[in-house]
1. Is it possible to state the helix-based mean residue ellipticity at 222 nm for the chain, with each DSSP H run of 4+ residues giving -39500 (n - 2.57), the sum divided by total residues, to the nearest 500 deg cm²/dmol? What is it?
2. Suppose a student asked you for the relative contact order of the chain, using Cα pairs under 8 Å spaced at least 6 residues apart; what percent would you report?
3. Nearest 20 debye, what's the magnitude of the dipole of segment 171-320 about its Cα centre given +1 on Lys and Arg Cβ and -1 on Asp and Glu Cβ?
4. Mind checking the angle between helix 106-131 and the chain's longest principal axis? C-alpha axes, 0 to 90 degrees, to the nearest 10.
5. Please give every one of the aspartates and glutamates within straight-line cross-link reach of Lys242, meaning a C-alpha to C-alpha distance under 16 Å, and leave out same-chain neighbours fewer than 8 residues apart.
6. Give me the lysines in straight-line cross-link reach of Lys265: C-alpha distance below 25 Å, same-chain residues under 8 apart excluded.
7. Ignoring ligands, DNA and RNA, please state the percent of accessible area on the chain from carbon and sulfur, probe 1.4 Å.
8. Does segment 224-295 classify as rounded, prolate or oblate by the C-alpha gyration tensor (a ≥ b ≥ c root eigenvalues; a/c under 1.5 gives rounded; else a/b over b/c gives prolate, otherwise oblate)?
Amino acid sequence: MSTATAVDERVNRASPLTRIMRRPEIGALMGALVVYIFFSVADQTGTFFSLDGTARWTDVASTYGIIAVAVALLMIGGEFDLSSGVMIGSSGLFAGLLMTEYSIGVWPSIFLTFLFAAAIGFTNGWLVVTTGLPSFIVTLAMFFSLRGINLGVTKLLTDTVRVAGIAELPDGSPRPGYESAKAVFASDFSAYSFRIAVVWWLALTVVATLVLTRTRFGNWIFAVGGDSNAARNVGVPVRRTKIMLFMYVSMSSCLVGIISLMRLKSMQAGQGVTQEFIFIIAAVVGGCLLTGGYGSAIGGTIGAAIIGMAFICLLYTSDA
């Protein structure tokens, strides 16, 4: 009489289809396809399915997706950042004030702004891992602090709640460095007006995916999100990993802030406020668990794409 040999599921070979269906973003991808087909059929203008329509919704999705990818990695690591939205305005205001009020060059201002964003992210992460307080509370406090600073400092320095005049010097001449910065952060790259932000979005998605799936740091992210105590016991640098993730989120928000500043040539003090929930929603729609330890960068990108399609395509399906 023969007995069946039990096979450990961890070493059991799965079919390619099974491996694909196990991916966290597969459900979001199917949902995105359904949304895309629905709006293509419901579009009353014939614009959505065209390259021009694609350029419009990818433009919206890109500014959400750049940060949603970073938020997805942070959520996989078991944390939240409610200051990611207000950091868009803070970064744009910081760079704009350096240019207009302190006559610092465009590129040095951008560099200093990224350092400022990294410092904010470091502060968030350091407070979370040092105090043991939930990241929800720590980053909510940072949200209110930055929101007040944005309004107060901008009002104090400019007597308004906005920074303008980014493209020109006080005498009306072009500001040196603005055009080159605009080419990197806010230009179009095709006849259909696809924005360079889409390239940033896709490039960061690829890099984040490779980091998450092919590097030791990616394994650390999953480990600290799954069980931080167990991860610490096997030698994972939990504190460093979480701090770096918070820094990545803040610097991603900074990038979107710079993109907005270069596009609009100005920045409002309230820019980006409440958008942090959109980033979290995009990550959750993309398959990230609220409890951490599971998800993907691609999922955050797909979630942002769904939101971008819904945001733009409602205009095409209205009777107006």
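The values are calculated or read from the model by the stated rules, or taken from the named source; none is laboratory data. Since the structure is predicted, the reported quantities are computational estimates derived from the model, not experimental observations. Cβ atoms come from the backbone with ideal geometry, glycine included; neighbour counts cover every protein chain shown. Heavy atoms of the whole protein, side chains included, go into the accessibility calculation; ligands, DNA and RNA do not. Shrake-Rupley method; radii C 1.70, N 1.55, O 1.52, S 1.80 Å.
1. It lands at -22500 deg cm²/dmol.
2. 40
3. For segment 171-320, the charge dipole is close to 560 debye.
4. Helix 106-131 and the main axis of the chain meet at about 50 degrees.
5. Straight-line reach from Lys242, under 16 Å: Glu79, Asp81, Asp227.
6. The qualifying lysines are Lys155, Lys182.
7. 66
8. Taking the square roots of the gyration eigenvalues as a ≥ b ≥ c, segment 224-295 is prolate.
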